[in-house]
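Okay, structure first, notes after.
The values are calculated or read from the model by the stated rules, or taken from the named source; none is laboratory data. On a predicted model such as this, the values are computed, not experimentally measured, just so you know. Neighbour counts are summed over all protein chains in view; Cβ atoms, including those assigned to glycine, are modelled from backbone coordinates with ideal geometry. SASA here: full protein model, heavy atoms, side chains in, ligands and nucleic acids out. Shrake-Rupley method; radii C 1.70, N 1.55, O 1.52, S 1.80 Å.
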Amino acid sequence: SGWCGAAQLAGEPGRGALLFPPPPLLLFPLLLPFLLVLLLLGCSRPLVLRRGPGQVGYLPAPGLNRGEAARRARRSRRPGVLPPPFPNGWYRLLDSAQLPRGAARSIALLGEQLAVFRTQDGQVYVVDAYCPHLGANLAAGGRVVGNCIECPFHGWQFRGEDGKCTRIPYAEKVPDFARVRTWPSCEVNGMLLVWYHCEGVGPTWAVPEQREVATKEWVFRGQTEHWVDAHIQEIPENAADTAHLAFVHGPAILGGSDLRYTRSKLWDFMKHIWKAEWRPEPEPNEHCSRLLLQHSATIFGKHVSLMDLTVSARQVGPGLVFLLFEHALLGRGIILQTVTPLEPLLQNVVHTIYYQKNVPAIIPKFILRAECIQFERDITIWNNKQYLPKPLLVREDSGIQKHRRWYAQFYSAKSTRLPAQQGLDW
């Protein structure tokens, strides 16, 4: 039978059978092109890294898994007397690619539940998620019909432009007052953003477009996402706290992000050196500030010029940062950092890197991975610290108070404030 013939060929030499298996060295030239293709594919693929809530930023506790240790730390923490949790400004909702034509998404952020939908002609609208009829979530099963979103409960249709109800399938007349609240939104730099103001004031500034991203001169090379258990102001305040750079970010990235081991003597042969200057911008860009960073590195005390890097970090409003990179040999690119408050003390932070097309993808991927390690060191500080409205500062810390005065412009007299909290548990 066929099975017997197969066994015979495998068991004894015959026509077409090899007397001896080929030596591995003879196969290597045949496999080399295949291995190179695999390597190039792996290097060219964008780096995508998602860190779940509590996955980083907390120390282990005996007898507890990672999630349990994070929950215990949140419950026992005393967050301090906090500024209002939701500053006024533009915030990232989604990446453009996450909302195709005809799709609707329900998103919780800034203490609100919003419905985001895209019409067939590509226009994006943001409205309150809950239908004023009986409270159904418009984006939980609702359809996009023309320039409206249709409620999945009774088929009421609401126009994205002004929120007005345009159709009730079983009613003779649509009441003039039947409408949902609409939210100003924009689509720029591959992102969808929403404008928030506690008093309902419209946008007072626009999100700048990065020309190289819009023209695709710089291409997408990766994205990281983190959740931070802290007030939003803590994150940009790091820009003005230049003293922390040497202590937290000076040790080599080879030491990882766990602060217990970053200063290990094992990695002491390498040091990152930072020179930084933070300042607010003058009118009409008073909602912006800029951090100028010069990075260099030493290995065994010797300066490594290949690692010299110039970074200009421009903060735009309370939750957007444009980090422009420039290297003499490795070209230019940008990391777009977005910080979006989901809850009063829960921030969604996304870093997206775009880089010159003609630079091998492994270079921006390395930059993003290194930035991720440094950022996760900060997360451990933020997740476990207390906000102090009147910190004990020395003269060299003067930038922190300047930053707080600058950042205060994003709060209003009617900004919601949190009651005194005994701990965090979400």
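Condition test on PRO100, is it open to solvent by less than 20 Å² (accessible area, probe 1.4 Å) and within 23 Å of the chain's Cα centre (by Cα)?
On the way: open to solvent by less than 20 Å² (accessible area, probe 1.4 Å): no; within 23 Å of the chain's Cα centre (by Cα): yes.
So PRO100 fails the test.
Can you find even one residue in segment 397-415 that is farther than 27 Å from ARG260 by Cβ, in a loop (DSSP other than H, G, I, E, B) and modelled with pLDDT of 95 or more? Please lay out each step first, then the result.
First, the residues of segment 397-415 that are farther than 27 Å from ARG260 by Cβ: 398-399, 401-415.
Next, only the ones that are in a loop (DSSP other than H, G, I, E, B) stay: 411-415.
Restricting the remaining residues to those that are modelled with pLDDT of 95 or more gives 411.
Yes.
Within segment 119-138, track down each residue that is part of a strand (DSSP E or B), closer than 25 Å to TYR354 by Cα and open to solvent by 20 Å² or more (accessible area, probe 1.4 Å).
Across segment 119-138, there are no qualifying residues.
Evaluate the following for GLY333: is it under 22 Å from HIS249 (Cα atoms), surrounded by 15 or more Cβ atoms within 10 Å (Cβ to Cβ) and in contact with an Asp or Glu (Cβ under 8 Å, 6 or more places away or on another chain)?
So GLY333 fails the test.
Determine whether segment 212-219 contains at least one residue that is surrounded by fewer than 16 Cβ atoms within 10 Å (Cβ to Cβ) and farther than 22 Å from LEU336 by Cα.
Taking every residue of segment 212-219 in turn, none turns out to be surrounded by fewer than 16 Cβ atoms within 10 Å (Cβ to Cβ) and farther than 22 Å from LEU336 by Cα.
One residue is enough: does segment 277-293 have a residue meeting the conditions touching a Cys at 6+ places or on another chain (Cβ under 6 Å) and modelled with pLDDT of 95 or more?
Yes, segment 277-293 contains at least one residue that is touching a Cys at 6+ places or on another chain (Cβ under 6 Å) and modelled with pLDDT of 95 or more.
For segment 269-316, which positions are basic (Lys, Arg) and within 24 Å of the chain's Cα centre (by Cα)? First the steps, then the outcome.
First, the residues of segment 269-316 that are basic (Lys, Arg): 271, 275, 279, 290, 302, 314.
Answer for segment 269-316, where residues must be basic (Lys, Arg) and within 24 Å of the chain's Cα centre (by Cα): ARG279, ARG290, ARG314.
Name the pairs whose Cβ atoms lie under 9 Å apart, with the first residue in segment 272-290 and without any contact (Cβ under 8 Å) to a residue 60 or more places away in the chain, the second aromatic (Phe, Trp, Tyr) and in a strand (DSSP E or B), and 6 or more positions between them or separate chains?
ARG290/TRP278
I'd like to verify a number: residues in segment 364-381 that are surrounded by 21 or more Cβ atoms within 10 Å (Cβ to Cβ) and touching a helix residue (DSSP H, G or I) at 6+ places or on another chain (Cβ under 8 Å), how many?
2
Go through (1) open to solvent by 30 Å² or more (accessible area, probe 1.4 Å); (2) modelled with pLDDT of 95 or more; (3) not aliphatic (A, V, I, L, M) one by one and return the number of the condition GLY155 breaks.
Exception for GLY155: condition (1).
With closer than 30 Å to PRO284 by Cβ, buried (at least 18 other Cβ atoms within 10 Å of the Cβ) and either more than 17 Å from the chain's Cα centre (by Cα) or not assigned by the TED database to the domain that holds PRO318 (or both) as the only criterion, which of TYR387, TYR407 stands out?
Checking each option against the conditions leaves just TYR407.
Quickly run through segment 165-181 and pick out the residues that are assigned to a strand (DSSP E or B) and crowded, with 18+ Cβ neighbours inside 10 Å. Can you show your working first?
Here is the first cut: in segment 165-181, the ones assigned to a strand (DSSP E or B) are 165-167, 179.
Across segment 165-181, the qualifying residues are CYS165, ARG179.
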